[in-house]
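Q: One structure, pasted below without further comment.
The values are calculated or read from the model by the stated rules, or taken from the named source; none is laboratory data. Note that this is a predicted model, so its numbers are computed, not measured. Here the Cβ positions follow ideal geometry from the backbone for every residue, glycine too, while neighbour counts run over all protein chains shown. SASA here: full protein model, heavy atoms, side chains in, ligands and nucleic acids out. Shrake-Rupley method; radii C 1.70, N 1.55, O 1.52, S 1.80 Å.
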Amino acid sequence: MRVATLMLGTRFLASVGREGLWNARVVRSYRDQWKAKHAETVQRLAATDVELASYTVEDVRSWLQRVPREAPVCSFPPFYGGGYEKLYEPLDTHFTWDAPEYELLSDADADVVDVLGAITCAA
């Protein structure tokens, strides 16, 4: 139930408290359909055969050093400042949680090549 709530929250919480017809429509739509959307999301999650074995709040660089080379990887490294902050803003407003700490990767940073290489198994 928590995962379903977070998943739906990432779709509409950024519009809460913001002006404009679009934001008002998004919030109204989710409020009006919350029970049905939440139940559907819970049902879809329960029907999946993918399970999260573990979750660690950790920098992608150190995490990738431990991931087996043949393992599938999904990562969204912080290449640009403000991206995660904007993503986390609605979560910070509506939920109590421990946001991850991270350092930005820059185009001039040699770590970018290493991180992308590890993700694509080209390293």
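Q: Go ahead and run the numbers for FRET between K35 and L87, Cβ-Cβ distance against an R0 of 30 Å, rounding to 0.05. Write down the numbers at each step before the final one.
A: On the way: r = 26 Å, r/R0 = 0.87.
With R0 = 30 Å, the Cβ-Cβ based efficiency is 0.70.
Q: Something else now. If each Cα of the chain is one equal point scatterer, what is log10 of I(q)/I(0) from the Debye formula at q = 0.13, 0.23 Å⁻¹?
A: Values, matching the q order: -0.73, -1.30.
Q: Continuing with this model, one more query. With each run of n ≥ 4 DSSP H residues scored as -39500 (n - 2.57), what mean residue ellipticity at 222 nm is computed for the chain after dividing by its residue count and rounding to the nearest 500 deg cm²/dmol?
A: That calculation yields -17500 deg cm²/dmol at 222 nm.
Q: Continuing with this model, one more query. What length, rounded to one decimal in nm, is gained on full extension from S54 through to S75, with 0.36 nm per residue of separation minus their alpha-carbon distance?
A: 6.1 nm
Q: I've got another one for you. For H38, H94, what's the largest-to-smallest order of accessible area, 1.4 Å probe?
A: Solvent-accessible surface, decreasing: H94, H38.
Q: How big is the Rg/Rh ratio for region 9-58, C-alpha atoms only, Rh by Kirkwood, two decimals?
A: Result: Rg/Rh = 1.13.
Q: Please name which of V57, V3, G83 has its Cα lying farthest along the dipole of region 1-114 towards the positive end, using unit charges on Cβ (Lys, Arg +1; Asp, Glu -1) and the Cα centre as origin.
A: With unit charges placed on the Cβ atoms, the residue in question is V3.
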